[in-house]
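Following: one structure in structure tokens, then a few remarks.
The values are calculated or read from the model by the stated rules, or taken from the named source; none is laboratory data. Everything quoted here is computed from the prediction, not taken from an experiment. Virtual Cβ from ideal backbone geometry, glycine too; neighbours counted across all protein chains shown.
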Amino acid sequence: MTESRAELGQRGDEDLTDWLVRIPKAELHLHLEGAIPLDAMWELIQKYGGDPSLPSVEALAERFQFRDFPHFLQLWIWKNQFLREYEDFTYMSQAFARCLAQQNIRYAEVFFSPVRFVDEGLEIPRLFESIRAGLSSTPEVEVALIADLVRDYGPDRALGTLRDVNEIKDDGIFGIGLGGGEHNFPPELFPTVYREAREMGFRTTAHAGEAAGPPSVWGAIHELGVERIGHGARSGEDETLLDYLVEHQIPLELCPISNIKTGVIDSIEQHPVRRYFDKGVLLTINTDDPMMFGNSLVDEYRALIEVHGFTKDDVKTLILNAVKASWLSDERKEQLVGEFAAELE
């Protein structure tokens, strides 16, 4: 039976939060380096001498207030300076996995950007080995890794990173993605990278329709041949594109609160998630960088219910969409859909 927004409200905020925490969830658009729990990030900063301008964890949370998308990217780079040794990546991954378990997120496909740390002298195989060691501490959470090739380094560097990652593909690296600045590094620069990635057996996604508009999404589809669109929030600026997404059921990895925090969309009330859902776009809901945005997957679904009138059945559909749009094997996907559906009854 479907519960209306009013009925959910009558049950009280605490009951709604309890339900959202309790139900099984999956997430497909989550950056490991942006998802370190704040207290763990604080400890890493202290390890490397601290920062006088950040006297507390609360001050660190305040630091992550963004003027716009470029400012967000600046702060993303800033926090990476506190990830210097392999043990830092294990520590980060342990804390991250525990955080997923606390939210009952059973399955996640997680971006990691090795190229920035290779420039600091670390090696890709040991980076992923260190991450896997941390993730293994929480076996109840299943995590597949996506290598973010980072478009800002250009196509030649992306191709080199891809080939390095291919050497350790069997270590749980399912796919590749392309984050960073869409405007200066559009999809049209990277078709060779994506063609080679598919030949290697990688699954593919790319950030598009976030800071840039519909042309970025069209480019990701036609030039890169992606299976999913990372974000895609601005797809609705082109109705023909929305129709195409519906017709071909290309999943969007929507991150509503992220879009507000980075200034891509002015307010949660103005976010097009409801319109896309009603039109039949295959949507998944994700947090993107929860440490930096102060959000959780529970917060995302709560906003959909309280602001956009989503029902519990709508939320269940979105959760199952994430499993169906995942890169799990068909057999494992069917198994997980069955498990989730039974618990969501």
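Can you confirm whether segment 259-273 contains a residue that is hydroxyl-bearing (S, T, Y) and without any contact (Cβ under 8 Å) to a residue 40 or more places away in the chain? There is at least one residue in segment 259-273 that is hydroxyl-bearing (S, T, Y) and without any contact (Cβ under 8 Å) to a residue 40 or more places away in the chain. With respect to the conditions (1) among the hydrophobic types (A, V, I, L, M, F, W, C); (2) over 28 Å from W78 (Cα atoms); (3) crowded, with 22+ Cβ neighbours inside 10 Å; (4) more than 12 Å from the chain's Cα centre (by Cα), L252 falls short on a single one, namely (4).
Matching residues to (1) within 20 Å of the chain's Cα centre (by Cα); (2) more than 25 Å from A40 (Cα to Cα):
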{"residue": "S137", "(1), (2)": "no, no"}
{"residue": "G154", "(1), (2)": "no, yes"}
{"residue": "M200", "(1), (2)": "no, yes"}
{"residue": "T205", "(1), (2)": "yes, yes"}
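Residues of segment 294-342 that are part of a helix (DSSP H, G or I) and among the β-branched types (V, I, T): V298, I305, V307, V315, T317, I319, V323, V337. Criterion applied to A147, A158, A197 was being farther than 30 Å from D278 by Cα, in a strand (DSSP E or B) and touching a residue at least 24 places away in the same chain (Cβ under 8 Å), and the one residue passing it is A147. Quick check, is Y107 aromatic (F, W, Y), modelled with pLDDT of 95 or more and either under 22 Å from K333 (Cβ atoms) or surrounded by fewer than 20 Cβ atoms within 10 Å (Cβ to Cβ) (or both)? It is true that Y107 is aromatic (F, W, Y), modelled with pLDDT of 95 or more and either under 22 Å from K333 (Cβ atoms) or surrounded by fewer than 20 Cβ atoms within 10 Å (Cβ to Cβ) (or both).
Residues of segment 225-232 include at least one that is closer than 18 Å to D288 by Cα, basic (K, R) and touching a residue at least 60 places away in the same chain (Cβ under 8 Å).
Of these, F112, F82, which one is within 15 Å of the chain's Cα centre (by Cα) and of a type in the set (F, W, Y)?
Unique residue meeting the criteria: F112.
Residue count for segment 214-242 under the criterion of being buried (at least 19 other Cβ atoms within 10 Å of the Cβ) and not in a helix (DSSP H, G or I): the result is 7. Among the residues of segment 95-125, write down those that are farther than 23 Å from L20 by Cα and either of a type in the set (S, T, N, Q) or assigned to a helix (DSSP H, G or I) (or both). Those that are farther than 23 Å from L20 by Cα and either of a type in the set (S, T, N, Q) or assigned to a helix (DSSP H, G or I) (or both): S113, V115, R116, F117, V118, I124, P125.
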